[in-house]
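Below is one structure, written out as structure tokens; the observations come after it.
Nothing in this text is a laboratory measurement; each read-out follows from the coordinates by a stated rule. No experiment lies behind these values; they were computed from the predicted model shown. Note that we place each Cβ from the backbone using ideal geometry, even for glycine, and neighbour counts take in every protein chain shown.
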Amino acid sequence: MKKIVLIIFAILLPSLIFASNNSEKKQSVAKSKDQLWDYKLPLVEKETTITYYTTLSEIGRQYMKTLDENYMIKEIEKQTGLNIDFVHPPAGDNGEYFNIVLASGDYPDVIKDPFSRYPGGPDGAINDGVLIDMGPYIEKYTPTFMKMVKEYGLEKKIRSDKGTIIKFGTIFMPPFLAGKTGRGLIIRKDLLEKFSLKSPKTLDEFTNVLRVFKQNGIEIPLVISNYRDWMWNDTNIIASAFGTTHKDYYVNDGKVNYGPIEPEYKEYLSYLKMLFEEGLLDPDFMTHQRGDSMKIFQSGKAGVFHAGIWELRKILEIGAGADPDFDIEAVPFFTKDGSPCTLQNTIEHLSGTPVFVSSNAKDPVLIAKYFEYLHQKDTMQLVSWGPGTKESPTYEIVDGKLKFTDFMQNGKNPFKADFPSMRVMYTDANMTVAYDNEMEKQQYDDERVLKVFDGWSDSSGSESKYPLFVTPTVEESKELVNIEADIKTYVEEMFHKFVMGSVSLDDFDDYVKSIKNMGIDRAIELKQAGLNRYLAR
Amino acid sequence: MKKTLLLNIKRYPLLYLMALPVIAWYIVFHYIPMYGVLISFQDFVPARGILKSSWVGFEHFENFITGKYFWRLIYNTLSINLIDLVFGFPVPIIFALLLNEIKSEKFKKVTQTITYLPHFISSVVICGLIIDFVKSRGIIPHFLSYFGVEPFNLLTAPELFKIIFVSSNIWQGFGWGSIIYLAALSGIDPGLYEAAKIDGAGRFKSAIYISLPSIMPTIVILLIMRIGRLMSLGWENIILLYNPNIYETADVISTYVYRRGLENFDFSFASAVGLFNSLINMILLLLANKLSRSLNDTSLW
């Protein structure tokens, strides 16, 4: 009898186990479908490595080989259980390294790049199998991102015309920054006072200031870097005074124009030529990298420089070493005819470089989960303010508000490093998905810097800029690359020839004709089509 | 033929073993990648690979040849390299002949070492130095200002680029280039010099009539090889030195390939241009070889 019971039990046992197994499986499937996944740290049980492509700033290079050495990243790795392996392009890279990485077929898992140079943009890359469409994963595993997009009202901007999410992992801007202009010209305020000059408010006053600087022994009144420097392109620093762009497209009354063939461009060129001939412009600008120009300005040999708001504290600090009176103020964005300047690069609500996930990534779900982690309040604080632990005392709480410590701000750290350098080592812009309003305020917490910020922002807007969020189709971008390749070389070359006087500006019409022969009208048409689609979204 | 090769291998196995890595290197890095030229007939997309990219035939070649910059690129490539050849090629030979006449071993060694040195410095550093030297406030314009030349950035003048490029090339390479000639010179039978001395030849005469003819085969072989590389020489330095204002005289085929291919993500077009470049190279090599064989019986094959 006992035996029979045992036998029956033995027969039933597997099916019992099977049954219980089944019900468990059903439950877990239901869970991930109906509600958020179970967010908990660490994200993985076993240490898992993901590779991450991003740039490393110039300041960062002085202290770290890769971001692996960043103390905040180490904290992130500890919390999540992930091992993030960074891949950086070399210093001075113009995007070639990115293209080599893509050509090699050995893509990093996560790639922080807008893919705007890839034929067909992100959609083209997904089509070619370089990237995967993260949409479904994001909706399921990064709900906080979707929630924030809704809160900020950015649904139109995060997707391409095809509906692919192309702004994942970018930065939500706090009220303190959004809509402001963060790049422009700065002038030595102390020199203006020394030579009893007024702050320049018009183009003529500006030219006059440069001339007086020169007469009083300022070696290079206006120091700027080479034509390809992104600062030129993004801010159209001097071109915008003439109502044109330095080398890009812009929009006028809903119509796309190409800056370098407009009549205003001729005025822009002749102005630069005049500056160059009078020795008001850096005679070596064509071979200067941004860093070279900044050094000249910091050494006190120059009067005006183009800079980004985030660089000002460092410039002021080093400048004070060369000249104790060193002080700066903004050169407002004036235009020749007094109309408002609409060609600047204002900070968007959603700004910065997005991330994409390559087809090499083994576990896209994990990456989506990792970004959910980055979108948590605690993580945002960690990323913006640093670890704040005993070994890395980056912030303290004063009157209920977070504040950077002397360890960060005033060189009281083992590296004897200044604030911008400490930020690179203890916080990180790459992992930032939303700026902390308080932190951003404190970052620029210097009256001089805030004044420059206002000076730029009050005098400019970005209404005429070609919107960043337009996405060309695969065919369009292929055709554009073909047309633009030779035009870009030609415009770049002729720009220098006109400015340095080896070709007379009387030949400007021939130059425009050549560009038209190279097919610029077709390129403008393609750009217009993209814009129309964007506006109709 | 096959039998003798096998026999040879059997007789000198070690020699063949030593040659093996070099042969492997050529196969792996020079022959296997050759199938990659296929992409110049395609609209190549790295992610799809050669098999799945679409074919476009000679479209890229046509675009290049009918393009705006075709003749300028050909002219610049040939002229820069010809100038480099005419002025750069004899320098190591003359240097080797001069060095050969020096009696003091110590002085000879020191001179040799000093002249080799630039060869071992990375091009990036060399070009960085040059850019700094020729800046409007650099040492060379400063020096020129004593002769009444208004200081300006020398690298912004299209007509000066070739001079700067070629002279920096010569400076960097002549010491290293002279090694092979010195080796050839040391192989000359001293008896020849003694005989010439008895016949009353001075040092100059014996250099002209003994040293130079004895190293002539070496010179010719090196010249042929140099001509074979005529279209691709030293372009890394050009990329590091040039700027848009002097594209007119400085832009060569290789730099154009670099800009189109790597900066614009236009791999197919770039490799089509590269292939075109190699074809011209090969034609030049064949011509040079033929010419030299008919002139003085020295040739590569």
Task: Loop-located chymotrypsin sites (Phe, Trp or Tyr not before Pro) in region B:55-164, at most 12 other Cβ atoms within 10 Å (DSSP) - done: B:Phe58, B:Tyr146, B:Phe147
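Can you tell me how region B:4-152 classifies by the Cα gyration tensor, rounded, prolate or oblate, using a/c under 1.5 as the rounded cut? Don't jump to the answer; show the numbers that get you there.
Numbers: a/c = 2.63, a/b = 1.18, b/c = 2.23.
Taking the square roots of the gyration eigenvalues as a ≥ b ≥ c, region B:4-152 is oblate.
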Open item on the list: So if I place +1 on the C-beta of Lys and Arg and -1 on the C-beta of Asp and Glu, and nothing else carries charge, what would the dipole magnitude of region A:275-369 be about its Cα centre? I want it in debye, nearest 20.
Closed with: 620 debye
Open item on the list: Using the Cα centre of region A:187-316 as origin and beta-carbon charges of +1 (Lys, Arg) and -1 (Asp, Glu), tell me which of A:Met231, A:Ile309, A:Asn208 is placed farthest towards the positive end of the dipole.
Closed with: A:Ile309
Task: Chain lengthening between B:Thr298 and B:Ser167 when straightened (0.36 nm per residue, less Cα-Cα) - done: 44.2 nm
- [ ] From other protein chains only, count the Cβ atoms within 10 Å of every residue's Cβ in B:244-250, then give the mean.
- [x] 6
Task: For B:Ser206, net neighbour charge (Lys/Arg +1, Asp/Glu -1) across residues whose Cβ lies under 12 Å away - done: 0
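Could you pull out the pairs from A:Lys247/A:Lys513; A:Lys150/A:Lys362; A:Lys198/A:Lys273; A:Lys180/A:Lys401; A:Lys162/B:Lys52; A:Lys180/A:Lys465 whose alpha carbons sit more than 20 Å apart here? Intermediate values should be presented prior to the final figure.
Details: A:Lys247/A:Lys513 17 Å; A:Lys150/A:Lys362 30 Å; A:Lys198/A:Lys273 25 Å; A:Lys180/A:Lys401 24 Å; A:Lys162/B:Lys52 24 Å; A:Lys180/A:Lys465 14 Å.
Listed pairs above 20 Å: A:Lys150/A:Lys362; A:Lys198/A:Lys273; A:Lys180/A:Lys401; A:Lys162/B:Lys52.
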Open item on the list: For region A:296-401, what does the relative contact order come out to in percent, with C-alpha contacts under 8 Å and a separation of six or more?
Closed with: 11 percent
Task: Cα-centred dipole magnitude for region A:93-155, charges only on beta-carbon of K, R (+1) and D, E (-1), debye, nearest 20 - done: 240 debye
Task: Relative contact order, percent, chain B [alpha-carbon distance under 8 Å, six or more residues apart] - done: 24 percent
Open item on the list: Rounded, prolate or oblate, given the Cα gyration tensor of region B:157-262, with a/c below 1.5 counting as rounded?
Closed with: prolate
Task: Among B:Ala196, B:Val149, B:Gln172 the positive-end extreme of the charge dipole of region B:136-202 (Cβ point charges) - done: B:Val149
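Rounded, prolate or oblate: which fits the protein assembly as shown, taking a ≥ b ≥ c as square roots of the Cα gyration tensor eigenvalues, rounded meaning a/c under 1.5, else prolate when a/b beats b/c?
Taking the square roots of the gyration eigenvalues as a ≥ b ≥ c, the protein assembly as shown is oblate.
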Open item on the list: Rounded to the nearest 20 debye, what is the charge dipole size of chain A about its Cα centre when +1 sits on each Lys and Arg Cβ and -1 on each Asp and Glu Cβ?
Closed with: 1920 debye
Task: Test item: B:255-267 mean partner chain Cβ contacts at 10 Å - done: 5
TODO: For the pairs B:Lys162/B:Lys205; A:Lys451/A:Lys527; A:Lys74/A:Lys412; A:Lys40/A:Lys157, note any where the Cα-Cα span goes beyond 26 Å.
DONE: B:Lys162/B:Lys205; A:Lys451/A:Lys527; A:Lys40/A:Lys157
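Show that you can apply the helix-only estimate: for chain B, add -39,500 (n - 2.57) for every DSSP H stretch of four or more residues, divide by all residues, and state [θ] at 222 nm to the nearest 500. Each step should come with its number before you reach the end.
Details: 17 runs with 207 residues, N = 301.
Value at 222 nm, helices only: -21500 deg cm²/dmol.
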Open item on the list: Which order do the peptides A:235-244, A:255-264 come out in when sorted by mean C-beta neighbours inside 10 angstrom, highest first?
Closed with: A:235-244, A:255-264
Open item on the list: Run the reach check for A:Lys336 against aspartates and glutamates, Cα to Cα strictly under 12 Å, same-chain hits fewer than 8 apart removed. What comes back?
Closed with: A:Asp204, A:Glu205, A:Glu264, A:Glu267
Task: Residues A:Arg159, A:Arg423, sorted so that the one with the fewest Cβ neighbours within 10 Å comes first - done: A:Arg159, A:Arg423
Task: Protection proxy ranking of A:433-446, B:261-274 - average other beta-carbon atoms within 10 Å, highest first - done: B:261-274, A:433-446
Task: Peptide-level mean, for A:127-133, of C-beta atoms on other protein chains within 10 Å - done: 3
- [ ] Would you work out which of A:Phe469, A:Gly501, A:Gly455 lies farthest towards the positive end of the dipole of region A:445-533? Charges go on Cβ: Lys and Arg +1, Asp and Glu -1.
- [x] A:Phe469
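Could you compute the net charge surrounding A:Val474? Neighbours are other residues with a C-beta less than 13 Å from the C-beta of A:Val474; K and R count +1, D and E count -1. Each step should come with its number before you reach the end.
Numbers: positive: A:Lys162, A:Lys478, B:Arg48; negative: A:Asp123, A:Asp128, A:Asp161, A:Glu475, A:Glu476, A:Glu479, B:Asp43.
Combined, the nearby Lys, Arg, Asp and Glu give -4.
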